[in-house]
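The values are calculated or read from the model by the stated rules, or taken from the named source; none is laboratory data. From a predicted model like this one, the values you see are computed outputs, not experimental measurements. Heads up, the Cβs are rebuilt from the backbone with ideal geometry, glycines too, and the neighbour counts pull from every protein chain shown. Quick note on the areas: whole protein, heavy atoms, side chains included, nothing else; ligands and nucleic acids left out. Shrake-Rupley method; radii C 1.70, N 1.55, O 1.52, S 1.80 Å.
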Amino acid sequence: MCGFAGFSDYGDSLREERYLWMALARRMAGRIAHRGPDDRGEHVSNHVALSHVRLSVIDPEKGVQPMTKKAGGHSYTIAYNGEVYNAAELRRELEALGHVFETDCDTEVVLNAYIEYGENCAEKLNGIFAFAVDDTPRGHTFLCRDRFGVKPLFY
């Protein structure tokens, strides 16, 4: 099991005091450390801070989170928990559309699906999941969970 936490503030910039927000993100990860004993990571952008704790199952070396990808000169960062059952099928679809994958984990599949389909990516996902995406080009944070709420997502 993994877990993530975070916050966003679109009324002010987090960059000026990034070290403070990074420390807070680390403390948030510490509070949920029991959900992921194998790894933890943090991300702070201009308006979003995310922390993630990981139970490594697939691609332990490359599947580090929060995971960031660049597309069209913009950055997208995801914190994810779950399993997408149709990840292999969706990966092939995204590769056919020109997406390049650097890992074997479904986290990257979900992130590329978000980059390609935006908020409509949820319609493509079959599984149990919860995730947050720091979407810098659109200037918002996207939160999503599986339709039955198997994976927790509180806001």
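Within the stretch 128-142, the set of residues being touching a strand residue (DSSP E or B) at 6+ places or on another chain (Cβ under 6 Å) and assigned to a loop (DSSP other than H, G, I, E, B) comprises Thr136, Pro137. Residues in the stretch 126-136: is at least one open to solvent by 20 Å² or more (accessible area, probe 1.4 Å) and within 15 Å of the chain's Cα centre (by Cα)? Within the stretch 126-136 (the criterion being open to solvent by 20 Å² or more (accessible area, probe 1.4 Å) and within 15 Å of the chain's Cα centre (by Cα)), the answer is yes, since at least one residue qualifies. For the criterion of being closer than 18 Å to Val133 by Cα, among the acidic types (Asp, Glu), modelled with pLDDT of 90 or more and open to solvent by less than 30 Å² (accessible area, probe 1.4 Å), Glu108 passes.
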